[in-house]
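Structure record follows, encoded as structure tokens.
Derivation of every value follows stated rules applied to the coordinates shown; laboratory data play no part. The model shown is predicted, which means the values in this text are computed figures rather than measured ones. Here the Cβ positions follow ideal geometry from the backbone for every residue, glycine too, while neighbour counts run over all protein chains shown.
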Amino acid sequence: MDLVAFLIQTLNGLATASSLFLVSVGLSIIFGVTRIVNFAHGSFYMLGAYGAYWLVDRFGAGAGAYYGGIVLAALGVGCLGALIELGLLRRIYRAPELFQLLATFGLVLIAGDGVLMLFGPQELLGPRAPGLKGAVDILGRPYPAVELALIALGPLVLALLWTLFHRTRWGTLVRAATLDREMVGALGVNQAWLFTSVFFLGSFLAGLGGAVQLPREAIHHDMDLQVITEAFAVVVVGGLGSLPGAFLAALLIGELHAFGILFFPKITLVLVFLVMAAVLVVRPWGLLGRAEGTPRVPGVEAEAPLVLRGWGWRIAWAAAAALLLLAPWLVGAYWLGVLTEIAILALFAASLHFIMGAGGMASFGHAAYFGLGSYGAALAAKTLALPLLPALACAVLAAGLGALVFGWGSVRLSGVYMAMLTLAFAQIAFAVSFQWYEVTGGDNGLLGIWPGGWASDRTVFYYLTVALCGLAVLALRHAWFAPFGYALRAVRDSPLRAEAVGIDRRLHQLLAFTLAGLCAGLAGGLYAFFKGSVFPDNLSIATSMDSLVMVLLGGVNALSGPLAGTLVYKTLHLVIASWTDRWHFILGFIIVALVIAFPQGIAGALRRFAERGAAQP
């Protein structure tokens, strides 16, 4: 590569970095103050792009209308973010923090289907930016002027934000809230309006980041999910709440994008997450972040697990068991398949619930073990010609080994940093499965993975699935109340005290990770035989989010939470999808409503309702 080509590629990386910084710094500011893991931040980015396109298309592409449209689109997204904070998030600030993530996930579903209804599925191309339509000669090679303008925009925004945070009283309060939110409240600062203003600023920056993409790339309804993972990577690598950290991380990732495709084309999909994993292992709080105190997992209360007890609940459980046993005679083939899938997903959710509830560890990449189990079973069946049960054993082994390796790195961290490292590991596994065509089949997947012989009958496979999943869930429940489970909960609730009495925190958390991975692997293996195929989607972020949604809907502190959450989520999916193609839109509203109505989850609400009824004379 000659000097000019190197310079051009460096400029491409700087342009990408500026774009990433605009969306990431807003996410960092919001989390630093409010502690909300705002999964809808990518949706604000997407809405900024669509808003700018609509305004420019409506009012013309003249300089005033064009740049005014970009600013108005960003302001509109900022106002929308403030309204969401006022109307939704402010209602659930007292709920466990991960439930706020669930609410923002509902917003993602609403926004995604909303733009589909308004603008259609086709990609939209915006006009070129007035005054920036040409190219600038750089050492004899033309370079787009709009890219140079974007390169300049990133440092300009950083300078303005630094001035805002260091030269104004509001900025001082924001920085103080980032360091110690409780102390700011104790000093009499109105935290409610501080949170609203921070949400406005963060949403405005995300909208601006999307709006300035108008002359650079096509706008489409998947751009929110594409940008949010990289935005999370920038925020975590730079350090939560750090402006210079976000800028430095954006530069690093932007240049990785630019040069990675030239020098490491086969690992381009995973390069960012490899770097994120390496940074977090070496510096657990990011490049310029601050070490946390003794954080507990957001979303997990320091209390005994909620168990649905009493004769009424025993009768209900017995009735549910009887219905499962009689299902092949009560329902048709389709609904028997649905019940089989629900049993598999319930085990998948229960495995995540174990490390979140008992272990106090948030994971955004639990699909890694589900997918490893799927591929372990599929490869054992296809390449080794193993029958069903030995193939399932291979699934459990593959997922357990993956959980052991990934868990070893993850338990070194805590809180959101741990959650993001699990996401990085899952993305690495996803990229390997997507690109290793010789073994995994890539995006073509592995086909023809059916249970043969005695298990080929639908009813037999149903009973086998329910039995294996039921035994695994009971094993996880037993672990909750075994000495190991009590030690694990002690580590969750008070790490320093637990270590003071001789409990090895990392060892217990690693064992919990491995146990959860074994169970998720069993679910993945059963899923491979149920579907008859395995694709990289089994390891995707969407699959991880599905498991997280099922756990949070049911309730983190309720042992029956993953079962209730899986049943409700899957049932809503099936019922709404049978009514309309826009089922994401309706499901998003239902998830938001459930979060507001049941901030402790469905199972937790049922338990508290029963206790309240028993307490009344």
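Here is the result for region 63-134: no GluC sites (Glu not before Pro) lie in DSSP coil with at most 11 other C-beta atoms within 10 angstrom of their C-beta. Value of Rg to Rh for region 333-540, rounded to two decimals, is 1.00; Kirkwood radius and Rg both from alpha-carbon coordinates.
Extents of region 70-173, taken as max minus min of Cα coordinates on every principal axis and listed largest first, are 59, 44, 23 Å. Counted residue by residue at 0.36 nm each, then reduced by the alpha carbon distance between them, the extension gain from LEU447 to ALA320 reaches 42.3 nm.
Cβ-to-Cβ counts within 10 Å put LEU47, LEU252 in ascending order as LEU252, LEU47, the fewest first. Model label sites at LEU386 and ALA159, defined 7 Å from Cα along the beta-carbon direction, differ in position by 6.2 nm. Here the chain is assigned +1 on the Cβ of each Lys and Arg and -1 on the Cβ of each Asp and Glu. Its dipole about the Cα centre then comes out at about 1260 debye. Applying Stokes-Einstein at 37 °C and 0.692 mPa s to the Kirkwood radius of region 108-252, computed over alpha-carbon pairs, gives a translational diffusion coefficient of 182 µm² s⁻¹.
Extension gain for ALA333 to LEU118 (0.36 nm times residue separation, less C-alpha to C-alpha distance): 73.6 nm. Annotation: for a label point projected 7 angstrom from Cα along Cα→Cβ of ALA135, residues of region 241-261 with backbone N closer than 20 Å are 258-259.
Taken over the Cα atoms of the chain, the convex hull encloses 171 Å³ per residue.
Backbone phi angles across region 255-261, fed through the Karplus curve with coefficients 6.51, -1.76 and 1.60 (θ = phi - 60°), yield HN-Hα couplings of 5, 4, 4, 5, 9, x, 5 Hz in residue order; Gly and Pro are listed as x. Residues whose amide H falls under 5 Å from that of ILE138, counting only those 5 or more places apart or on a different chain, are TYR143, with hydrogens built in the peptide plane. Where only DSSP H runs of four or more residues are counted, the chain gives -24500 deg cm²/dmol as its mean residue ellipticity at 222 nm, each run worth -39500 (n - 2.57).
The stretch between ARG94 and GLN226, if pulled fully straight at 0.36 nm per residue, gains 44.5 nm over its current Cα-Cα span.
In this simple spin-label model, placing a label point 7 Å from the Cα along the Cα-to-Cβ direction at both LEU125 and VAL71 gives a separation of 2.9 nm. Rounded to the nearest Hz, the phi-derived 3J(HN,Hα) couplings of region 211-220 under the Karplus curve 6.51 cos²θ - 1.76 cosθ + 1.60 (θ = phi - 60°) are 5, 6, 7, 3, x, 9, 8, 6, 9, 8, where x marks glycine and proline.
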